[in-house]
Amino acid sequence: MRVRFPCAFAFQARSLSLKAAEYNPSVKKILLLLTAAAAILVLVVLTRTWLHQPESFEDIDRIQIDLDEAAIARRLAEAVRFRTVSHQSEADFDPEQFQGFIRWVAERYPEFHQAAELTLHGDYSMLYELAGSDQSL
């Protein structure tokens, strides 16, 4: 009894393709061209990677932003208390958690909430749009 493994066909197919290349010069030329093209592509990519010089950021003025890390942590702790988890079953869905989070964002970030345009998708998914100074973009 002969046992065949799934990979046995792959070995047979590979040996057939190599034998075809030995007997058919055009197949051998095509394989050589594909190998040369792949080698050239690898060489070009490696050369461009080695010669690449990133842009200089020395001309950008750095600004100092004072952050109140305790306030950031406090607001994050408040935000994660809302159980805004979507469920497939409406029986498990708690809309009050989503509505509470939407109100919380408006209360905690009033300047941003007034400056940006809030769109609710599906009553609970928030999308803020903040217009830039260049309206042509």
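The values are calculated or read from the model by the stated rules, or taken from the named source; none is laboratory data. None of the values given here were measured: they were computed from a predicted structure. Neighbour counts run over all protein chains shown; Cβ positions are idealised from the backbone, glycine included.
Does A73 fit the bill of being assigned by TED's automatic domain parsing to the domain that holds R103 and either at pLDDT 80 or above or within 30 Å of the chain's Cα centre (by Cα) (or both)? In short, yes. Residues of the range 118-130 that are more than 19 Å from V85 (Cα to Cα) and either of a type in the set (S, T, N, Q) or surrounded by 10 or more Cβ atoms within 10 Å (Cβ to Cβ) (or both): L118, T119, Y128. Can Y124 be described as of a type in the set (S, T, Y) and in contact (Cβ under 8 Å) with a residue 24 or more places away in the chain? Answer is yes for this residue. The residues in the range 79-104 that are in contact (Cβ under 8 Å) with a residue 12 or more places away in the chain and over 28 Å from the mean Cα position of the chain (by Cα) can be counted, and the count is 5.
Among the residues that make up the range 99-112, is at least one of them in a loop (DSSP other than H, G, I, E, B), of a type in the set (K, R) and surrounded by 10 or more Cβ atoms within 10 Å (Cβ to Cβ)? Taking every residue of the range 99-112 in turn, none turns out to be in a loop (DSSP other than H, G, I, E, B), of a type in the set (K, R) and surrounded by 10 or more Cβ atoms within 10 Å (Cβ to Cβ). Would the range 50-67 turn up any residue that is surrounded by 10 or more Cβ atoms within 10 Å (Cβ to Cβ) and within 26 Å of the chain's Cα centre (by Cα)? No, the range 50-67 has no match at all.
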